[in-house]
Amino acid sequence: MKKKKIVKVLAVTAGVLVFLGAAGSVVFGGYVADRILHQNKDNDTIDNSLKQLEVWGYDIDGFMNTHEGSQISAQAEDGNIVPATYFDNGSNKCVILVHGAGGDRVSTYPLAEQYIEDGYDVIAIDQRGSGVNPDDRVTFGINERLDIEAMVRYAREALGAAEVIVHGQSMGAQTTAIYASNVTPGDVCAADAVICDSPVPGMELMLRLMFGGSEDAVNSATANYLVGTSKFYMKVFDGIDYDDGDTIAVVADDQLPTLIIVSLQDEVCLPHYVEQIYDNIASDQKDIIYVDSAHIEGVIDDPEGYMDGVEAFLSGAGL
C-alpha cells in the first residue's frame with residue numbers, strides 16, 4: 001500500500017514537472033517570438049540607413065539635392081498603409097525598391113540613383129517594422145509581401161506605369177521572392193519582373209544560423225529549442241508560420257521573370273543558399289549573376305557593371 005502511494009506521488013510530481021516545463025517553454029517561446037517580430041523596437045532604422053551610407057562612402061546629400069522625391073502611400077490588403085518616396089522621372093517604367101533588415105527606404109538610394117540615371121521612375125518603400133511603416137512587426141516577407149502587392153497596384157493604377165519591376169535587397173529580396181511566389185502573372189498586382197539581390201534564404205534557416213552561432217550548429221540543441229518553441233508560439237498565437245518564410249521552398253511557386261544576384265563575398269546570406277533559391281525558382285524566365293562584393297554591396301562597388309547585369313536581364317525579359 002505504501003509502495004503504491006509513493007508511485008502515485010511520483011507520477012503526480014512528474015506530471016507537474018512536465019506541465020511546468022511545457023508551460024515554461026510556451027512562455028519562453030512567446031518571449032523569443034516577440035523579440036523576433038519586434039526586432040526593431042529599440043532600433044533607429046532611419047538613422048541606421050544614414051550610418052550605413054556613410055560607411056559605404058555614399059553621398060546621400062548629393063542625391064537628395066539632385067533628386068526630389070514626393071511622399072506617397074498605398075493600402076495593403078490587410079489594411080496596412082505602405083509609406084514610400086516616389087521619384088518621378090517622366091517614365092512609364094517604374095521600379096519599386098525594397099530595403100533590407102535594420103534600415104529604411106533611404107538605404108536603397110544608391111540603387112535608386114542608378115535606376116533614375118537609366119530613365120526609370122522609382123518608388124522606395126519602408127518595410128514593416130522599419131522607417132515610418134505603421135506595422136511594427138517584422139515577419140521576414142510573410143506579411144510584407146502584401147505591401148509590395150499594394151504598391152505594384154498603385155504604380156499601375158495611380159501612376160500609370162506600363163511596366164513595373166520590384167528590386168529587393170537582403171531581407172527585402174526575401175520579401176520580393178515571397179511576393180513573386182504569391183501572385184499570378186498578368187494580375188494588376190503582379191510585377192513584370194523581380195530582382196532579388198542577396199536574398200535571405202529563409203526565416204527559420206536565418207534564425208537557426210543566429211541561434212546556433214554558425215552553419216555547423218543550425219541543428220544544435222539550443223537552435224532546436226529556440227526555433228521550436230518560438231515557431232510553435234508564433235504559429236498558434238500570432239498566426240505566422242515560419243514555413244511561409246522559407247524562401248528556398250516557396251519560390252517553387254514563382255512564375256515571374258526573376259533575377260537572382262549572388263554576392264560572392266557575402267557572409268550574411270551565404271552564396272550557396274542564394275544559389276539554392278535560384279535553382280528552385282519555377283519560372284522559365286530566370287537568371288543568376290554574380291558580383292565580387294560583400295552583402296548587397298555590388299551596386300556600391302561597381303554600379304555600372306551591376307546595372308549592366310540588371311539591364312541585360314530586363315532586356316531578355318522583354319522590358
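The values are calculated or read from the model by the stated rules, or taken from the named source; none is laboratory data. Quick caveat, the model's predicted, so the values are computed rather than measured. Reconstructed Cβ throughout: ideal geometry from the backbone, glycine too, with neighbour counts over all protein chains shown.
Would you mind stating whether A173 is modelled with pLDDT of 95 or more, assigned by TED's automatic domain parsing to the domain that holds R105 and touching a Cys at 6+ places or on another chain (Cβ under 6 Å)? Give the steps one after another, and end with the answer.
Numbers: modelled with pLDDT of 95 or more: yes; assigned by TED's automatic domain parsing to the domain that holds R105: yes; touching a Cys at 6+ places or on another chain (Cβ under 6 Å): yes.
Taking the combined requirement at face value, the residue satisfies it.
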task = Report yes if some residue within the stretch 136-146 is in a loop (DSSP other than H, G, I, E, B), at pLDDT 95 or above, closer than 30 Å to R35 by Cα and polar (S, T, N, Q); otherwise report no.
result = yes
request  = Answer with yes or no whether V194 is in the same structural domain as A112 (by TED's automatic domain parsing) and either farther than 21 Å from V262 by Cβ or modelled with pLDDT under 95 (or both).
outcome  = no
request  = Search the stretch 70-84 for residues that are in the same structural domain as H99 (by TED's automatic domain parsing) and pair each with any residue that is outside any strand (DSSP E or B) and surrounded by fewer than 18 Cβ atoms within 10 Å (Cβ to Cβ) when their beta-carbon atoms are under 6 Å apart and the residues are at least 6 apart or on different chains.
outcome  = I81/P134; P83/V132
note = Given the conditions (1) assigned by TED's automatic domain parsing to the domain that holds N133; (2) in contact with a Lys or Arg (Cβ under 8 Å, 6 or more places away or on another chain), every one holds for H167 apart from (2)
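Consider Y278 carefully, then state whether it is touching a helix residue (DSSP H, G or I) at 6+ places or on another chain (Cβ under 8 Å) and part of a helix (DSSP H, G or I). Quick ask: steps written out before the conclusion?
Values: touching a helix residue (DSSP H, G or I) at 6+ places or on another chain (Cβ under 8 Å): no; part of a helix (DSSP H, G or I): yes.
Criteria not met by Y278.
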query = Looking at (1) of a type outside the set (A, V, I, L, M, F, W, C); (2) touching an Asp or Glu at 6+ places or on another chain (Cβ under 8 Å); (3) at positive phi, which is the only condition G245 fails?
reply = (3)
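Residues that are surrounded by fewer than 20 Cβ atoms within 10 Å (Cβ to Cβ) and part of a helix (DSSP H, G or I): does the stretch 252-260 have at least one? Walk me through it before giving the result.
Within the stretch 252-260, the first condition is being surrounded by fewer than 20 Cβ atoms within 10 Å (Cβ to Cβ), and the residues that meet it are 252-253, 255.
If we keep only those that are part of a helix (DSSP H, G or I) as well, we get 252-253.
Yes, the stretch 252-260 has at least one match.
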inquiry  = If I60 meets every condition in (1) farther than 21 Å from L159 by Cα; (2) free of Cβ contacts under 8 Å to residues at least 24 places away in the same chain; (3) not aromatic (F, W, Y) apart from one, which number is that one?
reply    = (2)
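So is M206 within 12 Å of the chain's Cα centre (by Cα), on the phi < 0 side of the Ramachandran plot and assigned to a helix (DSSP H, G or I) or not? Give the steps one after another, and end with the answer.
Working: within 12 Å of the chain's Cα centre (by Cα): yes; on the phi < 0 side of the Ramachandran plot: yes; assigned to a helix (DSSP H, G or I): yes.
Here the answer is yes, as M206 does meet what is asked.
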task = Could you grab the pairs with beta carbons closer than 9 Å, sequence gap of 6+ or different chains, first residue in the stretch 181-192 and among the small types (G, A, S), second one surrounded by fewer than 12 Cβ atoms within 10 Å (Cβ to Cβ)?
result = S181/A252; A190/T184
request  = Select from the stretch 154-203 the residues that are charged (D, E, K, R) and assigned to a helix (DSSP H, G or I) and write down the one among them that is surrounded by the most Cβ atoms within 10 Å (Cβ to Cβ).
outcome  = R156
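Restricting to the stretch 223-239, give me the number of residues that are surrounded by 15 or more Cβ atoms within 10 Å (Cβ to Cβ) and either under 26 Å from E275 (Cα atoms) or assigned by TED's automatic domain parsing to the domain that holds I178 (or both). Step through it out loud before you land on a result.
Looking only at the stretch 223-239, we keep the residues that are surrounded by 15 or more Cβ atoms within 10 Å (Cβ to Cβ), and these are 223, 225-227, 229-235, 238.
The next check asks that each one be either under 26 Å from E275 (Cα atoms) or assigned by TED's automatic domain parsing to the domain that holds I178 (or both); those that pass are 223, 227, 231.
Number satisfying all stated conditions: 3.
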ask   = Do any residues in the stretch 287-311 that are under 13 Å from Y115 (Cα atoms) and assigned by TED's automatic domain parsing to the domain that holds S198 have Cβ atoms under 7 Å from those of residues that are among the small types (G, A, S) and surrounded by 16 or more Cβ atoms within 10 Å (Cβ to Cβ), where the two are at least six apart or on different chains, and which pairs are they?
value = Y306/G298
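Of the residues S263, S214, S220, which single one is of a type in the set (S, T, N, Q) and assigned by TED's automatic domain parsing to the domain that holds V183? Give the derivation first.
Working: S214 fails: assigned by TED's automatic domain parsing to the domain that holds V183; S220 fails: assigned by TED's automatic domain parsing to the domain that holds V183.
Sole residue among the options that is of a type in the set (S, T, N, Q) and assigned by TED's automatic domain parsing to the domain that holds V183: S263.
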request  = Six or more apart or on different chains, Cβ under 6 Å: which pairs go from a residue in the stretch 99-124 that's touching a residue at least 60 places away in the same chain (Cβ under 8 Å) and part of a loop (DSSP other than H, G, I, E, B) to one that's surrounded by 22 or more Cβ atoms within 10 Å (Cβ to Cβ) and among the charged types (D, E, K, R)? Could you list them?
outcome  = H99/R105
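Determine whether the stretch 77-86 contains at least one residue that is surrounded by 16 or more Cβ atoms within 10 Å (Cβ to Cβ), aromatic (F, W, Y) and either more than 20 Å from the chain's Cα centre (by Cα) or modelled with pLDDT of 95 or more (or both).
Pass one, the stretch 77-86, residues surrounded by 16 or more Cβ atoms within 10 Å (Cβ to Cβ): 80, 82-86.
Then drop every residue that is not aromatic (F, W, Y), which leaves 86.
Narrowing further to those that are either more than 20 Å from the chain's Cα centre (by Cα) or modelled with pLDDT of 95 or more (or both): 86.
Yes - at least one qualifying residue is present in the stretch 77-86.
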